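Notes follow the structure.
The values are calculated or read from the model by the stated rules, or taken from the named source; none is laboratory data. For clarity, every value in this text was computed on a predicted model and none was experimentally measured. Heads up, the Cβs are rebuilt from the backbone with ideal geometry, glycines too, and the neighbour counts pull from every protein chain shown. The protein model used for the area step is the full one, side chains on, heavy atoms only, and it has no ligands, DNA or RNA in it. Shrake-Rupley method; radii C 1.70, N 1.55, O 1.52, S 1.80 Å.
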Amino acid sequence: MIVLVTGGARSGKSTFAERRAAATGEAVTYLATAQAFDAEMQGRIARHRADRPGGWVTVEEPLGVPGALRAASTPTVLLDCLSLWVSNLLLAGESDDVILARADLLLAAARARPGLTVLVTNEVGLGIVPDNALARRFRDVLGWVNQRSAAESDEAWLLVSGLPVRLKPLPTHP
């Protein structure tokens, strides 16, 4: 099962995703994509590490995420986050086509897993048009990755001001 959790910055995505993963009651691998390029990011990563339950396995992988997902040995995997992964791939010089192909590999790996995979991502397309080419490219490529992830997911949530809004599956009404 694939669950997609999206939303803006500080919307509560990670907290919601962590609770969703923990609710399985099974072992969890936390697949982290962040890289600490400066002291502020080092602090963010340290806070995230401290907030995780002690029994969770942490795998830090900024680029080879599909392989790390395939290698995960726990029933539940929480990948936080697709946004930083796409950013890492862009900064590594990957083309849009390669990034989308890697996203397809990641989603195939998630689908092939017997347990739950929770994917966290940022919704970056709701604001103003970025003023530079790299930022516009990031917004576009992440939007395409998010669309593919939402299409492949069994369940999708949008977090707004800490409140989860179910996107998928839609409730059925008689």
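For Glu60, what residues show an amide H to amide H distance below 5 Å, using hydrogens built from the backbone and excluding near sequence neighbours?
Amide H to amide H, under 5 Å and 5 or more residues apart or across chains, Glu60 pairs with Ala32.
Just to check I understand the Karplus step: with θ = phi - 60° and J = 6.51 cos²θ - 1.76 cosθ + 1.60, what whole-Hz values come out for the stretch 146-161, glycine and proline as x?
The phi angles translate into 5, 4, 5, 5, 5, 5, 7, 6, 8, 9, 9, 10, 10, 9, 10, 6 Hz.
Mind putting a number on the dipole of the stretch 11-84 about its Cα centre? Charges go on the C-beta only, +1 for Lys and Arg and -1 for Asp and Glu, and I need it in Debye to the nearest 20.
That gives the stretch 11-84 a dipole magnitude of about 180 debye.
Within the chain, what percent of beta bridges assigned by DSSP are antiparallel, to the nearest 5?
Among the beta bridges of the chain, antiparallel pairing accounts for roughly 15 percent.
Please turn the phi angles of the stretch 101-116 into ³J(HN,Hα) values with the Karplus equation 6.51 cos²θ - 1.76 cosθ + 1.60 (θ = phi - 60°), one per residue in order, whole Hz, x for glycine and proline.
For the stretch 101-116, the Karplus curve yields 5, 5, 5, 4, 5, 4, 5, 5, 5, 5, 5, 6, 5, x, x, 8 Hz.
Going by average Cβ density within 10 Å per residue, which order do the peptides 75-82, 49-56 take, highest to lowest?
Result, highest mean first: 75-82, 49-56.
What is the pair-distance distribution P(r) of the stretch 83-139, computed from all Cα-Cα distances in 10 Å bins starting at 0, with each bin given as a whole percent?
Whole-percent P(r) values from 0 Å outward: 20, 45, 27, 7, 0.
Just the accessible area for Glu40, please: 1.4 Å probe, Å², rounded to the nearest 10?
100 Å²
Among 99-109, 26-36, how do they line up by average Cβ neighbours within 10 Å per residue, starting with the highest?
26-36, 99-109
What percentage of the solvent-accessible surface of the stretch 94-141, computed with a 1.4 Å probe over protein heavy atoms, is contributed by carbon and sulfur atoms?
For the stretch 94-141, the apolar C and S fraction of the accessible surface comes to 59 percent.
At 0.36 nm per residue, and after removing the present C-alpha to C-alpha distance, how many nm does the segment from Leu167 to Ser95 gain when stretched out fully?
22.9 nm
Using a/c under 1.5 as the rounded threshold, could you call the chain rounded, prolate or oblate? The axes a ≥ b ≥ c are square roots of the C-alpha gyration tensor eigenvalues, and prolate needs a/b larger than b/c, oblate otherwise.
Cα axes put the chain in the rounded bin.
How far is the Cα center of the stretch 55-101 from the Cα center of the stretch 148-174, in Å?
So the two Cα centres are separated by 22 Å.
Given a 10 angstrom Cα cut-off, can you work out which residue in Gly43, Gly64, Gly12 is the most mobile in a GNM of the chain?
Gly43
Which one of Gly8, Leu105, Val129 has its Cα pushed farthest toward the positive end of the charge dipole of the chain, where Lys and Arg give +1 and Asp and Glu give -1 at the Cβ?
Of Gly8, Leu105, Val129, it is Gly8.
Please list 3J(HN,Hα) in residue order for the stretch 50-64, calculated via the Karplus relation 6.51 cos²θ - 1.76 cosθ + 1.60 where θ = phi - 60°; whole Hz, with x for glycine and proline.
5, 6, 6, x, x, x, 6, 8, 10, 10, 9, 9, x, 10, x
Would you mind counting up the charge near Glu123? Only other residues with Cβ under 12 Å from its Cβ, with Lys and Arg at +1 and Asp and Glu at -1.
Charge balance in the 12 Å sphere: +2.
Is there a quick way to get the dipole size of the chain? I mean about its Cα centre, with the Cβ of Lys and Arg at +1 and of Asp and Glu at -1; what is the value in debye to the nearest 20?
With only Lys, Arg, Asp and Glu charged at Cβ, the dipole is about 360 debye.
Classify the stretch 8-92 as rounded, prolate or oblate, taking a ≥ b ≥ c as the square roots of the eigenvalues of its Cα gyration tensor: rounded when a/c is under 1.5, otherwise prolate if a/b is larger than b/c and oblate if not.
oblate
Does the stretch 96-174 come out rounded, prolate or oblate by the C-alpha gyration tensor, with a ≥ b ≥ c the root eigenvalues, rounded set by a/c under 1.5 and, if not, prolate when a/b is larger than b/c and oblate if not?
oblate
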